[in-house]
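Below is one structure, written out as structure tokens; comments come after it.
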């Protein structure tokens, strides 16, 4: 999900899901691709101590990086967490990471292996990365 030359473009290739049906002699053309929404980087201030951010980075690397990209810089098709509105509050972030808010979309709950403090540390790391990018 995060490898390959196309992904090196930084999560900018669109995933336009559609069903294509062909007819012999058909002349129909695909409609133009929709204009992607502008991504706005608006993280909360990075206020966590360096020790917490470092711990969050280690946890992120273990539990999050394989899908969401190393260093919280997504190069694949899954959400770039630096742009997520869920980092705005610890509760919103925990609802996703621990509470399974997006299980129907494929984001499993990590409650069996992470606790509130772990999720908060990961959030601090993502916030630090978002602010560094901004």
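Sub-7 Å Cβ pairs linking a first residue in region 5-28 that is on the phi > 0 side of the Ramachandran plot and surrounded by 10 or more Cβ atoms within 10 Å (Cβ to Cβ) to a second residue that is at pLDDT 65 or above and in a loop (DSSP other than H, G, I, E, B), at least 6 apart or interchain, are 10/75; 11/74; 11/75; 11/76; 11/80, ordered by first then second residue. Residues of region 50-84 that are assigned to a loop (DSSP other than H, G, I, E, B) and at positive phi: 69 alone.
For residue 47, the criteria (1) under 16 Å from the mean Cα position of the chain (by Cα); (2) in a loop (DSSP other than H, G, I, E, B); (3) surrounded by 10 or more Cβ atoms within 10 Å (Cβ to Cβ) hold in every case but one, which is (1). So, residue 38, is that one part of a loop (DSSP other than H, G, I, E, B), modelled with pLDDT of 95 or more and within 27 Å of residue 16 (Cα to Cα) or not? No.
The values are calculated or read from the model by the stated rules, or taken from the named source; none is laboratory data. No experiment lies behind these values; they were computed from the predicted model shown. Glycine also receives a Cβ, built like all others from the backbone with ideal geometry; neighbour counts cover every protein chain displayed.
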